[in-house]
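What follows is one structure encoded as structure tokens, with my remarks underneath.
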Amino acid sequence: MAGFATRARVYCQGVSIPPYDNKEYRYQHTDPDKANGIARLAELLGLPPTFEGRGARYDLSFFSGGIGVFDQFAATLPADDRLWKAVLDVRPAKTPEDIAADPACSSGFLWLVRRNEVSLDIRTAAVAFINAERRDFQAECRVLDTVLFLAESDVNDWFALWGTPTEMNFRAFSQG
């Protein structure tokens, strides 16, 4: 995807990455001061700095150091059509079916969500993958939900969105 900082951290466009200093930078919705966490969440989703994050639940962990990059992000937030559009304008995610049909990116994605379960249809596999990776505060993903991934998602870097018109869930992972 044009404009992304590196192959690792596919979500990097517009995100200020913490220093490579062998420290974890963690932001949670339970923190007394939520300002930095909401700002990081806005960056990750490509939202403007004016994003207030009311009702958002999140757990964002950045790590860069001697073992490389190990980032994990999870969030759930109230949504409407404007939020879904704003996020998808900056993070042009695709359905599992669209990614699976694209020879340029299907192989890494199929391995990510199916592993050895090649008999599963791609949507069922993607939903099962999300449900295995989601955090307790996040809604269960259902086959009829909106289910989207960045096309570059693979076993080392992935970015998933799922939910309904009134709730957006986000989960991402990067190592390398």
Completion exercise
The exposure ranking of SER16, SER64, SER174, SER106, fewest beta-carbon neighbours within 10 Å first, is SER16, SER106, SER64, SER174
Problem - lysines whose Cα lies under 25 Å from that of LYS23, excluding same-chain neighbours fewer than 8 positions away - result: LYS34
Exercise for the section: Sort out for me the Cα centre separation of the stretch 23-63 from the stretch 122-176, rounded to whole Å. Expected result: 18 Å
Completion exercise
Taking the dipole of the chain about the Cα centre (Lys, Arg +1; Asp, Glu -1; charges at Cβ), the one of TYR20, PHE137, LEU60 that reaches farthest to the positive side is TYR20
Completion exercise
Computed about the Cα centre, the charge dipole of the stretch 23-175 from +1 Lys/Arg and -1 Asp/Glu charges at the Cβ has a magnitude in debye, to the nearest 20, of 200 debye
Problem - Projected-area mean, the stretch 23-175, by convex hull of Cα positions, square nanometres - result: 9.4 nm²
Handout entry: Residues in the stretch 65-82 reached by a label modelled at LYS34 [backbone nitrogen below 15 Å; 7 Å Cα→Cβ]
Key = 75-79
Practice task
Which order do the peptides 46-55, 124-133 take when ranked by the mean count of other beta-carbon atoms within 10 Å per residue, highest first?
Solution key: 124-133, 46-55
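Since every read-out is calculated from the coordinates, none of them should be taken as a lab result. All of these numbers come straight from a predicted model, not from anything done at the bench. Glycine also receives a Cβ, built like all others from the backbone with ideal geometry; neighbour counts cover every protein chain displayed.
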